[in-house]
Amino acid sequence: MSVAQPLQPDIRSCSPNAEPAMAARKALSAEPILMHVEPLPITIRRDMEGREWLVIQAIVRGHPRRRHRNGTIWFEVPAEFAGPVGAESHAEDRLDPFARAILYSAMEAGRDVRIHGNVSATLLANLEVYQRIITTWWPEYHPVHISADQEIEPSGLPDPRMAGEAIMGFSGGMDSIHSLYCHHHRLHGRNNRRIPICLFVHGFDIALADSSYDAAFRRAEAISNCLGSQLVRVRSNIKRMLPSWPNAHGAALAATLSLFSPRFRQGLIASTFNYRNLLGHRFGYGSTPLSDWLLSSHDFQIVHDFADKRRVEKTRVLAECQVAREKIRVCWAGDDLSRNCGKCSKCISQMLCMRAIGIEDLSAFARPLSASSVWGMQVTSAAHWEELQACHLVADAAGLGSSDEFLALRCVLDKAREAFAPPNIPDQKRPPRAIRLLARTRRRLSRLAGAWKRSA
């Protein structure tokens, strides 16, 4: 039989200091939980091959997903570029890259950010507008307030010697090749820039643990050297701190380019989509002409470059540059990311663009272009459909519309029209029946000839 215990008095209620203590606890719990970014000293790291890297890093804490979003975020730049990144002069705005880098992670958590250092006031103001765009596009993000220990205001005039120069990201793909080619050959009018340095970031498209980066770098370096620019290796772990790479890759690239803001006044991001597809967010991409410029600070401007060209129009520069034609790298789906697999939708789309403008040399790809590979291609988005449609129109105008590959492309476009075609695209007539029969006969004869050779 249990014995009832006497009620014990609530000591807390009897204490004369209980009410102030409880009020203090309530006030503490009501305070907003912040994310914090604290810079670490710049260090030098020597890798196994003897290269020295300048490590620019900061500690991030306060994100609710502690394991994946908190910790050290770092960039590594070759030590010989200590001057351009401001390590020698301790540039006052060197925490601007971390404000750009942490933005999507903070919007994911919905937590305000305190950066313990100096940040451009212009950048912070621009990021407020940038967030309004992003949170309108994707409701899973939430607007946050970013503050810094000291906000740097513009002072004086920019150095006029830097006005005609810029830095850009370059991975050897079609978009960056086109931008670098046009600036090198002065095809951009008053907006031409001299681009002495391009950055190829290890940890973005190619993971840090992927050894194919070295071969991919050599391919891209051959192109950049041909177009008058030095390609620089940069490493970063920023990708693992981001909630979505397609959403945030523009901000990540802007953050990396801005490491060099003590040396340059502009960073160029080669356009993926053109002005006809201005709302790239419909396809999950956060790098657009509408938003990228808002990643600028008072002394470093982010420029979304050459958004007026379709992919097939950009491809015309390959006819003028043999090195780019042989070394272009567009593949993201193959086992070896230093090569073009020749069978993914991106590889096939690029080969179709090259064939449409009359380029027969497709040696940059591991597999040749064929009607069967085009038949098996997946149309991935409305933007992809429109790019393929433009490619087919160019091929038609060049008299190539009746070839097996473009007849197959026409069928692929027709099949995907209902899902992806915008309403203002008129229906195109199918090729005449005689042309379809001729193409079918050619394919059958080709197969019979192959079988006869194997039997002989």
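The values are calculated or read from the model by the stated rules, or taken from the named source; none is laboratory data. On a predicted model such as this, the values are computed, not experimentally measured, just so you know. Here the Cβ positions follow ideal geometry from the backbone for every residue, glycine too, while neighbour counts run over all protein chains shown.
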*Any chance segment 357-368 includes a residue that's buried (at least 17 other Cβ atoms within 10 Å of the Cβ), in contact with a Phe, Trp or Tyr (Cβ under 9 Å, 6 or more places away or on another chain) and not small (Gly, Ala, Ser)?*
no
*asked:* Being outside the structural domain of Ala209 (by TED's automatic domain parsing), without any contact (Cβ under 8 Å) to a residue 12 or more places away in the chain and in a helix (DSSP H, G or I) is true for just one of Asp396, Asp335. Which residue is that?
replied: Asp396
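Could you tell me whether segment 285-297 includes any residue that is of a type outside the set (Val, Ile, Thr) and either over 30 Å from Glu153 (Cα atoms) or in the same structural domain as Ala416 (by TED's automatic domain parsing) (or both)? Before the answer, list the steps.
Of all residues in segment 285-297, those of a type outside the set (Val, Ile, Thr) come to 285-287, 289-297.
Going one step further and asking which of them are either over 30 Å from Glu153 (Cα atoms) or in the same structural domain as Ala416 (by TED's automatic domain parsing) (or both), we end up with 285.
Yes, segment 285-297 contains at least one residue that is of a type outside the set (Val, Ile, Thr) and either over 30 Å from Glu153 (Cα atoms) or in the same structural domain as Ala416 (by TED's automatic domain parsing) (or both).
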*Being closer than 22 Å to Asn277 by Cα, modelled with pLDDT of 95 or more and not in a helix (DSSP H, G or I) is the filter here, so list the residues in segment 306-330 that pass it.*
Val330
*Within the bounds of segment 310-320, is there any residue that is among the hydrophobic types (A, V, I, L, M, F, W, C), surrounded by fewer than 18 Cβ atoms within 10 Å (Cβ to Cβ), without any contact (Cβ under 8 Å) to a residue 60 or more places away in the chain and not assigned by TED's automatic domain parsing to the domain that holds Ile56?*
yes
_Subset tally (residues that are surrounded by 17 or more Cβ atoms within 10 Å (Cβ to Cβ), within 16 Å of Val232 (Cα to Cα) and in contact (Cβ under 8 Å) with a residue 24 or more places away in the chain) for segment 42-55_ = 2
*Check off (1) under 14 Å from the mean Cα position of the chain (by Cα); (2) closer than 23 Å to Ile59 by Cβ for Met241 and give me the number that stays unchecked.*
(1)
*For segment 110-133, enumerate the residues that are buried (at least 16 other Cβ atoms within 10 Å of the Cβ) and either under 22 Å from the mean Cα position of the chain (by Cα) or of a type in the set (Phe, Trp, Tyr) (or both).*
Leu123, Leu124, Asn126, Leu127, Tyr130, Gln131
*Looking at segment 150-161, is at least one residue within 19 Å of Val317 (Cα to Cα) and out of contact with any Lys or Arg (no Cβ under 9 Å at 6 or more places or on another chain)?*
no
*Here are some conditions: (1) modelled with pLDDT under 90; (2) within 24 Å of His183 (Cα to Cα); (3) of a type in the set (Gly, Ala, Ser). Gly250 meets all but one. Which one does it not meet?*
(1)
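So, in segment 392-406, of the ones that are within 11 Å of Gly358 (Cα to Cα) and not β-branched (Val, Ile, Thr), which residue ends up surrounded by the most Cβ atoms within 10 Å (Cβ to Cβ)? Spell out how you get there, then give the answer.
Step one: filter segment 392-406 for residues within 11 Å of Gly358 (Cα to Cα), giving 394-395, 398-400.
Subset that is not β-branched (Val, Ile, Thr): 395, 398-400.
Details: Ala395: 24, Ala398: 13, Gly399: 8, Leu400: 16.
Among them, the one singled out is Ala395.
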_Condition (residue is within 26 Å of His36 (Cα to Cα) and buried (at least 20 other Cβ atoms within 10 Å of the Cβ)) applied to segment 166-175: is it met by at least one residue?_
no
*For segment 101-128, which residues satisfy the criterion of being within 19 Å of Gly284 (Cα to Cα) and in contact with a Leu (Cβ under 9 Å, 6 or more places away or on another chain)?*
Ala101, Leu103, Tyr104, Ser105, Glu108
*So, of the residues in segment 67-107 that are modelled with pLDDT of 90 or more and of a type in the set (Ser, Thr, Tyr), which turns out to be surrounded by the most Cβ atoms within 10 Å (Cβ to Cβ)?*
Tyr104
*Identify, by number, the condition in (1) at pLDDT below 50; (2) of a type in the set (A, V, I, L, M); (3) part of a loop (DSSP other than H, G, I, E, B) that Ile33 doesn't meet.*
(1)
*Among (1) within 22 Å of Lys346 (Cβ to Cβ); (2) surrounded by fewer than 19 Cβ atoms within 10 Å (Cβ to Cβ); (3) not aliphatic (A, V, I, L, M), which single condition is Arg240 missing?*
(1)
*Considering only residues of segment 371-380 that are buried (at least 17 other Cβ atoms within 10 Å of the Cβ) and out of contact with any Leu (no Cβ under 6 Å at 6 or more places or on another chain), which is farthest from Trp332 (Cα to Cα)?*
Ala371
_Looking at (1) within 23 Å of Asp175 (Cα to Cα); (2) among the acidic types (Asp, Glu); (3) modelled with pLDDT under 90, which one does Glu387 not meet, given that it meets all the others?_
(3)
*State yes or no: is Ser2 part of a helix (DSSP H, G or I), at pLDDT below 90 and outside the structural domain of Val144 (by TED's automatic domain parsing)?*
no
*Elements of type strands (runs of 3 or more DSSP E) contained in segment 114-230, each with 1 or more residues being in contact with a His (Cβ under 8 Å, 6 or more places away or on another chain), within 20 Å of Ile302 (Cβ to Cβ) and not hydrophobic (A, V, I, L, M, F, W, C)*: 194-202
